[in-house]
Amino acid sequence: MRIGAAAAHTGLSCKAIRLYEQQGLIRPGRRGSYRHFSAADLDLLALIREARSLDVPLQRLRTAIQDAGQPDWAGLRALLVQLQQETEQEIVRQQQRLLRLAECLQEIDSCPLMLDSAP
């Protein structure tokens, strides 16, 4: 399958597929000057697409894909667990930020200077 068909099949753009190849995430075969994508390549592109939809950086994803273009499932799982923990930590930080913002708003609303300037 050529790159246009691979793009249509995976929902990725040809430009994205070329980038993933340039980054070493996929290694499609060649037939003359054309790239040829196998079923395994399409599966890997689907995996990359899903990872990117979860905002997994390409550099971190590259560590979870072996040189042969095969996913390192244990490495990929470890990466996703790590990203899950980072996301949970970010949620806690954002919840703390929301609480602090609410406190600041409450302080402003109860400030005598604010009350004096109200219409």
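We did not get these values from a lab; they are worked out from the coordinates using the rules stated. Remember, predicted model here, so these are calculated numbers, not experimental data. Glycine gets a Cβ as well: all are built from the backbone with ideal geometry, and neighbour counts include every protein chain shown.
Taking the Cα centre of region 1-71 as the origin, how large is its charge dipole in debye, to the nearest 20, when only Lys and Arg (+1) and Asp and Glu (-1) carry charge on their Cβ atoms?
Result for region 1-71 is approximately 300 debye, rounded to the nearest 20.
How much net charge surrounds residue 41 when only other residues with a Cβ under 10 Å from its Cβ are counted (Lys, Arg +1; Asp, Glu -1)?
So the environment of residue 41 carries a net charge of 0.
How charged is the neighbourhood of residue 21? Take every other residue with its Cβ under 10 Å from the Cβ of residue 21, and add Lys/Arg as +1 and Asp/Glu as -1.
Taking every Cβ under 10 Å from that of residue 21, the sum is +2.
Read phi for every residue in region 11-28 and hand back ³J(HN,Hα) as whole Hz from Karplus 6.51 cos²θ - 1.76 cosθ + 1.60, θ = phi - 60°, with x for Gly and Pro.
Taking θ as phi minus 60°, the curve returns x, 8, 7, 4, 4, 5, 5, 4, 4, 4, 5, 4, 7, x, 7, 10, 9, x Hz for region 11-28.
GNM on the chain, C-alpha springs below 10 Å: top fluctuator among 79, 61, 105?
Sorting by GNM fluctuation, first place goes to 105.
Residues with amide H under 5 Å of residue 36's amide H, sequence separation 5 or more or different chain, H placed in the peptide plane at 1.01 Å from N; which?
29, 30, 31
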